[in-house]
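Comments concern the structure below.
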Amino acid sequence: MSEEQTYQWVIVEMMGRTKLAGRYSFENGLHRVDVPTDDPAKFHTKMLGNSAIFQIHFCDEDAARLMARQFRPEPIGVWELRKEMKRLHEPAGAGEVIEGGGDDDDAFYDEPPHWQDYDDEEDTF
């Protein structure tokens, strides 16, 4: 079997309503989708486990490339803890909430929470 025949073109729907389109193959127990980029000869790869997939739609190359342009998934990137922690600890702009604050979101607002303005003696804010 030649290299061109080892994969098929697909549109993959994953749990969480995420979609991918590209060349599909099954390798080492994982579903591999090579998503085309703006350069027709280049791809970025997503590896998916069985439980991540809702549906696989087989299609032709033109349909997969068209859908890949519409979905525009991000390539795999390196997540660096130091950069993320720095981003989370930078002051937020007025009215801006920084995502990922966890349960203690008060630290991510410019103005203090209203309970800090409470006057115990007068029972007023």
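Straight Cα distances below 18 angstrom link LYS46 to the lysines LYS19, with same-chain residues fewer than 8 positions distant left out.
Packing, as the average of other Cβ atoms within 10 Å across residues, places the peptides 34-42, 62-70 in the order 62-70, 34-42, highest first. Using only alpha carbons, region 3-71 has a radius of gyration to Kirkwood radius ratio (Rg to Rh) of 0.93.
For region 7-81, run through the GluC sites (Glu not before Pro) and keep only the ones in DSSP coil with at most 15 other Cβ atoms within 10 Å of their Cβ. Loop-located and lightly packed - GLU80. Counted by Cβ distance under 11 Å from ALA52, the other residues give a net charge of 0, where Lys and Arg count +1 and Asp and Glu count -1.
Computed from the coordinates by the stated procedures, all read-outs in this text should not be read as laboratory data. Remember, predicted model here, so these are calculated numbers, not experimental data. Positions of Cβ are generated from backbone atoms using ideal geometry, with glycine treated the same way; all protein chains shown enter the neighbour counts.
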